[in-house]
Amino acid sequence: MLRAAGIGAGDEVVVPAFGNVELAEAVVQVGAMPVFADIDPVTYCLDASCVEAAVTPRTAAVVAVHRFGRTADVGALREAGQRHGLLVLEQGESEAPYEESAQRRERAAYLDGKLRGVRTPDGGDGHTYQQYVVRVPGNGRPDRDAFARALRAKGVDCRVPVKTPVHRLPEFRRCLSLPETERAAEETLALPVDASLTRRDMQRIVSACNALGGPIAVGSTTVFGV
């Protein structure tokens, strides 16, 4: 994609540091320099205002990465690109079949209504919940890593979506502040919403989370199509 766009030696490409080390590596492989910009804390995608702040005379392109089933604000990024003469490229996610996406949304809605003590994701327009990502703030409750270990001990298959932002990796280390990226890397946790999960599975996830992060929710009127 970068080569086809004519990106090469001497160019800078603005990319997110929240995940996707492969993208930064691809920029380097075509001879360009990756420049990291901060993310929107709701969508976890590039923030257009932060992209503009990262632009230099050498900037040739920005790559908008869609994340967790939420789309980047491509309209705002294209407007910024027009102001600065930049190419705006997109890196999408694999599309799930309609029925699977519908089931994921159903399970996500259940978690939205039942979870306590964690911050649930903002659904937004067209969220497909490729991952259901919550925030576990370190505000006196267990921190994210301890929370994740406790959930796994209870049989909940959770995972940390981004362990280390790319700008903190040794090969791409930069002395810059990306506060939303760093906060998201410290607080985010992906909970399962796979279409194969049964109602009992979902109740177990809620009970395990709420026992750690807040009062245990009781009762359910949601019936899953399983």
Problem set entry | Identity of the residue in region 1-26, of a type in the set (A, V, I, L, M) and closer than 21 Å to residue 177 by Cβ, that ends up nearest to the chain's Cα centre (by Cα) | 17
Seminar exercise, completed: Going through region 139-192 in order, the residues found to be among the hydroxyl-bearing types (Ser, Thr, Tyr) and either within 17 Å of residue 210 (Cβ to Cβ) or open to solvent by less than 50 Å² (accessible area, probe 1.4 Å) (or both) are 181, 188
For this session: Specify the residue that is nearest to residue 19 (Cα to Cα); the eligible residues are those in region 76-86 that are touching a residue at least 12 places away in the same chain (Cβ under 8 Å) and part of a helix (DSSP H, G or I).
Result: 77
For this session: For residue 119, indicate whether it is surrounded by fewer than 19 Cβ atoms within 10 Å (Cβ to Cβ) and in contact with a strand residue (DSSP E or B) (Cβ under 6 Å, 6 or more places away or on another chain).
Result: yes
Seminar exercise, completed: Counting only residues that are in contact (Cβ under 8 Å) with a residue 40 or more places away in the chain and in a loop (DSSP other than H, G, I, E, B), region 87-98 contains a total of 0
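Considering 3, 78, 83, 58, which residue is more than 30 Å from residue 196 (Cβ to Cβ), modelled with pLDDT under 95 and not aliphatic (A, V, I, L, M)?
Details: 78 fails: modelled with pLDDT under 95; 83 fails: modelled with pLDDT under 95; 58 fails: modelled with pLDDT under 95.
Within the list 3, 78, 83, 58, the selection yields 3.
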Seminar exercise, completed: Taking region 104-125 and the residues there that are over 15 Å from the mean Cα position of the chain (by Cα) and in a loop (DSSP other than H, G, I, E, B), the one that is nearest to residue 192 (Cα to Cα) would be 115
Exercise. Limited to region 18-42, what total is found for residues that are closer than 19 Å to residue 160 by Cα and either open to solvent by 20 Å² or more (accessible area, probe 1.4 Å) or at pLDDT below 95 (or both)?
Worked result: 7
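The values are calculated or read from the model by the stated rules, or taken from the named source; none is laboratory data. Note that the coordinates shown come from a computational prediction; the quantities given were computed from them, not determined experimentally. Note: ideal-geometry Cβ built from the backbone for every residue, glycine included; neighbour counts use all protein chains shown. Accessible surface areas use protein heavy atoms only, side chains included; no ligands, DNA or RNA. Shrake-Rupley method; radii C 1.70, N 1.55, O 1.52, S 1.80 Å.
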